[in-house]
Amino acid sequence: MSSGSHAASFDCEKTINPVEEIICEQQEISDLDDLLDRTYKTVLQISTKTISLKADQWNWLTNVRNRCSDAACLTDAYEARIFELEDRWEKQTNALNGMLVRDKASKAKPFEGNWKSCQLFKAEEICSSYRLIQNGKRICGELEQWATYRIYEGRLQATIQSANRASVELFCGPGSETKCTYENGAQEKWEKVKSSLSVCGNQLFDTTPAKPCDALTANRGFRYQTLTSKEREEILSQPWANRCMNQHE
């Protein structure tokens, strides 16, 4: 597939069959063709089975797309294929993250880390995340949630209750009435909440109420990634994080 005119993945001036003519004549389908091309290339970049993926794509072009005779059929075919490739990207990404082996330092602080849950949307990697630091039983961190085409930022303070579960007590950000901002130079306004964080293997789950790991791992959680020393320092440089980390039970 080479870039061409009219936002299609091929040159519309050199169409070779009636299906390509429909794609070039219909802007909506041409946009889907462009989106599929970008999604396919994104998946190809992380695929461990590139030959199989290329063959699968060629099979789809030949036996699915090129058998369509109208715009409605092409729209359905493109949307279904984009969904298949997005799902393939997610599974491959999760498999790669699942191979990560945590070091002794991270095991000693099971909640500390970058925790991300990502998806492929319009050929772009979109992630919701937690960035947590831990001091004994204290957990402090920042979060970003992707919803309705926007990123919402927040902060949390939590206390570990057991080996793999923590109780979130204070929160500000998306879904709450507090916005994590200063008012007249005073410290941030926090909202009291009752929710939980659970670490199960290399995944973090946020639930209300708390659930055991065997009830959580069937779902998609936030995958663990190492928190760098620079990222940790960035959190600790904020006054609220220092107060949170130094709070004693």
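Are any of the residues in region 201-223 modelled with pLDDT under 90, under 17 Å from K107 (Cα atoms) and surrounded by 15 or more Cβ atoms within 10 Å (Cβ to Cβ)? Checked against the condition, which is being modelled with pLDDT under 90, under 17 Å from K107 (Cα atoms) and surrounded by 15 or more Cβ atoms within 10 Å (Cβ to Cβ), region 201-223 yields at least one hit. Per the conditions (1) assigned to a helix (DSSP H, G or I); (2) surrounded by 14 or more Cβ atoms within 10 Å (Cβ to Cβ), the sole criterion not satisfied by E79 is (2). For region 8-60, a residue qualifies if it is part of a helix (DSSP H, G or I) and of a type in the set (S, T, N, Q), and the qualifying residues are Q27, S30, T39, T42, Q45, T50, S52, Q57, N59. Of the set (1) at pLDDT below 95; (2) in a strand (DSSP E or B); (3) basic (K, R), all apply to K107 but (2). The number of residues in region 93-127 that are within 23 Å of K41 (Cα to Cα) and crowded, with 18+ Cβ neighbours inside 10 Å comes to 6.
Examine region 123-141 for a residue that is among the hydrophobic types (A, V, I, L, M, F, W, C), under 22 Å from A105 (Cβ atoms) and modelled with pLDDT under 90, and state whether such a residue exists.
Filtering region 123-141 down to residues among the hydrophobic types (A, V, I, L, M, F, W, C) leaves 123, 126-127, 132-133, 139-140.
From what's left, under 22 Å from A105 (Cβ atoms): 132-133, 139-140.
Checking the rest, the ones that are also modelled with pLDDT under 90 come to none.
No: zero hits.
Specify the residue that is nearest to N97 (Cα to Cα); the eligible residues are those in region 26-40 that are without any contact (Cβ under 8 Å) to a residue 60 or more places away in the chain and out of contact with any helix residue (DSSP H, G or I) (no Cβ under 9 Å at 6 or more places or on another chain).
Going residue by residue through region 26-40, those that are without any contact (Cβ under 8 Å) to a residue 60 or more places away in the chain are 26-34, 36-37, 40.
Now narrow it down to the ones that are out of contact with any helix residue (DSSP H, G or I) (no Cβ under 9 Å at 6 or more places or on another chain): 27, 31, 34, 37.
Details: Q27: 38, D31: 32, D34: 29, D37: 25 Å.
Taking the candidates together, the pick is D37.
The values are calculated or read from the model by the stated rules, or taken from the named source; none is laboratory data. Note that the structure is a prediction, hence the values are computed from the model and not measured. Here Cβ is always computed from backbone atoms with ideal geometry, including for glycine, and neighbour counts include all displayed protein chains.
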